[in-house]
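Peer 1: Attaching a single structure in structure tokens format; questions to follow.
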Amino acid sequence: MQLKNFMFATLVLASILAPKAGFADDRTIYISHDPGGDLGLYQVKAQVARELNLKVVIDGVCASACTLLIGLPSSQVCVTARARLHFHKARLKRPVANGRRLLRKANHMMLAAYPAGVQNWIARKGGLTNRMLKMESSEVLQFFRRCDRNMLTS
């Protein structure tokens, strides 16, 4: 990533996404309830987290675009017993030219970002659809390492 793009992404992360996700400290993104949102913003967030080696603690619901963060290296992501993941296919807020093609690409990108075990779980549930797929805590703990006490700050 070019320095200018990296600086922009860092500013976006600090000014828009940090208050929403809740940074526990300067090296950890703490998620207790994140309903998701704009896929592009979460792509930036995930890329910055990857490049800065930020830790992600999921301690509640991480839904929709938020789930892009589970695609970070396993050493960066941990979950608590309250972690839940919610998945659905990408949606457009308003019609755009080539919308179907864009949605196909977005769905492919999201699935490709997930760890293989999560991809298989989604496939067994019928794939990404408009219906929300809810991965409960017991299932989440099968795919991700549990956070140790010193990673939890609240």
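The values are calculated or read from the model by the stated rules, or taken from the named source; none is laboratory data. The shown structure was predicted, so the numbers you read here are calculated from the model rather than taken from an experiment. Here Cβ is always computed from backbone atoms with ideal geometry, including for glycine, and neighbour counts include all displayed protein chains. Remember, those area values only see protein heavy atoms, side chains included, never the ligands or the DNA or RNA. Shrake-Rupley method; radii C 1.70, N 1.55, O 1.52, S 1.80 Å.
Peer 1: Assuming residue 70 fulfils every condition listed in (1) in contact (Cβ under 8 Å) with a residue 24 or more places away in the chain; (2) hydrophobic (A, V, I, L, M, F, W, C); (3) farther than 24 Å from residue 146 by Cβ apart from one, which condition is it?
Peer 2: The number of the failed condition is (3).
Peer 1: Can you tell me how many residues in the range 55-84 are of a type in the set (A, V, I, L, M), in a strand (DSSP E or B) and touching an Asp or Glu at 6+ places or on another chain (Cβ under 8 Å)?
Peer 2: 3
This table checks each residue for (1) modelled with pLDDT of 90 or more; (2) touching a strand residue (DSSP E or B) at 6+ places or on another chain (Cβ under 9 Å); (3) small (Gly, Ala, Ser).
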position: 1; (1), (2), (3): no, no, no
position: 19; (1), (2), (3): no, no, no
position: 32; (1), (2), (3): yes, yes, yes
position: 43; (1), (2), (3): yes, no, no
position: 56; (1), (2), (3): yes, yes, no
position: 74; (1), (2), (3): yes, no, yes
position: 92; (1), (2), (3): no, no, no
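Peer 1: Looking at the structure I just gave you, is residue 111 in contact with a helix residue (DSSP H, G or I) (Cβ under 8 Å, 6 or more places away or on another chain), over 19 Å from residue 33 (Cβ atoms), open to solvent by 70 Å² or more (accessible area, probe 1.4 Å) and hydrophobic (A, V, I, L, M, F, W, C)?
Peer 2: No.
Peer 1: Which one of these is under 18 Å from residue 59 (Cβ atoms), modelled with pLDDT under 95 and loosely packed, with under 11 Cβ neighbours inside 10 Å: 149, 100?
Peer 2: Unique residue meeting the criteria: 149.
Peer 1: Here's another thing I want to ask about it. Conditions: (1) open to solvent by 50 Å² or more (accessible area, probe 1.4 Å); (2) out of contact with any strand residue (DSSP E or B) (no Cβ under 9 Å at 6 or more places or on another chain); (3) modelled with pLDDT of 95 or more. Residue 68 meets all but one. Number of the miss?
Peer 2: Checking residue 68 against (1) open to solvent by 50 Å² or more (accessible area, probe 1.4 Å); (2) out of contact with any strand residue (DSSP E or B) (no Cβ under 9 Å at 6 or more places or on another chain); (3) modelled with pLDDT of 95 or more, the one that fails is (1).
Peer 1: Condition check: open to solvent by less than 30 Å² (accessible area, probe 1.4 Å), more than 15 Å from residue 32 (Cβ to Cβ) and not basic (Lys, Arg). Does residue 135 satisfy that?
Peer 2: When the stated conditions are applied, residue 135 passes them.
Peer 1: Can you tell me how many residues in the range 96-111 are in contact with a Gly (Cβ under 9 Å, 6 or more places away or on another chain) and either on the phi > 0 side of the Ramachandran plot or touching a residue at least 24 places away in the same chain (Cβ under 8 Å) (or both)?
Peer 2: Summing the residues that are in contact with a Gly (Cβ under 9 Å, 6 or more places away or on another chain) and either on the phi > 0 side of the Ramachandran plot or touching a residue at least 24 places away in the same chain (Cβ under 8 Å) (or both) in the range 96-111 gives 1.
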